[in-house]
1. Please figure out what share of the DSSP beta bridges in the chain is antiparallel and state it in percent, rounded to the nearest 5.
2. How far is helix 102-119 tilted, in degrees, relative to the longest principal axis of the Cα atoms in the chain, given as a value from 0 to 90 rounded to the nearest 10?
3. Give me the tail of P(r) for the stretch 1-88 as a percent: Cα-Cα pairs with distance above 14 Å.
4. Bins of 10 Å, beginning at zero and ending with the bin holding the largest distance: percent of Cα pairs per bin for the stretch 4-183, please.
5. Explain nothing, just the number: relative contact order of the stretch 4-183, from Cα pairs under 8 Å at least 6 residues apart, as a whole percent.
6. Can you list the HN-Hα couplings for the stretch 164-176, worked out from phi with the Karplus curve (6.51, -1.76, 1.60; θ = phi - 60°), rounded to whole Hz and with x for Gly and Pro?
7. With the radius of gyration and the Kirkwood radius both derived from the Cα set of the stretch 81-176, what is their ratio Rg to Rh?
8. Tell me which residues come under 5 Å, amide H to amide H, from HIS120 once H is placed; ignore anything under 5 positions away on its chain.
Amino acid sequence: MPRTAHFPIGPGTLRLIEGDITRDDADAIVNAANAALAGGGGVDGAIHRAAGPRLLAACRDIIAEIDHLPPGQAVITPGFDLPARAVIHTVGPIWYGGSHGEPDTLRSAYAASLARAAEHNLSTVAFPAISTGVYGYPVELAAPLALGVLAEALGTGTVSEIRMYVYSAAAFAAWNEAAVTLFGG
Ligand code: ADP
């Protein structure tokens, strides 16, 4: 059975879900993309496969204008074949040991994604665990940092519901422990 947990925060809700983010019908799902918005492995590849080829075409149009998406920034496209209406593409930091600005960049990736959602009046947003896959950010450090940014947006009503997706039982345990520590059981 996939695990879930939920935490009321201010007027909103944070849900922690073990599962596949591409199946979620949130207003927007966030993609842990690369700077070229070229698709790839991990959650990025899964989102592109599920959204269909129009997503890559939309990403190419954006790259034609901005050249590349720097780490910590975010852009938005339609969701195309996904159940979600929109995809917010952000680029997290690659982990180089933690003293190269990685925490600031990870915080910024979450915050910029939430800013795109708010600009488009998208109030339910699903996130993957940005940077904790191929980019190597330790989950024990990423989880409390990410949850702090998400809680602030829920507390101020920037969005009403955030669904934080994790992709293994071990990841669920780490994120749930961080959430219980921050928000209480
Ligand atoms: P990054 O390059 O930012 O590290 P990855 O895609 O490698 O991105 O991994 C980010 C996280 O997304 C990892 O924890 C990975 O297990 C998880 N992940 C991979 N596929 C999916 C999916 N379909 N739904 C939700 N999370 C996923």
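1. 40
2. The angle comes out at about 70 degrees.
3. Numbers: 2543 of 3828 pairs.
Counting every Cα pair in the stretch 1-88, those more than 14 Å apart make up 66 percent.
4. The calculated distribution, bin by bin, is 11, 42, 38, 9, 0.
5. Numbers: 374 pairs, mean separation 56.0, N = 180.
Relative contact order of the stretch 4-183: 31 percent.
6. Ordered by residue, 3J(HN,Hα) equals 8, 8, 10, 10, 7, 4, 5, 5, 4, 4, 5, 5, 5 Hz.
7. Ratio of gyration radius to Kirkwood radius for the stretch 81-176: 0.95.
8. none
Taken together, the values in this text are just the output of simple stated rules run on the coordinates, not laboratory data. Quick caveat, the model's predicted, so the values are computed rather than measured.
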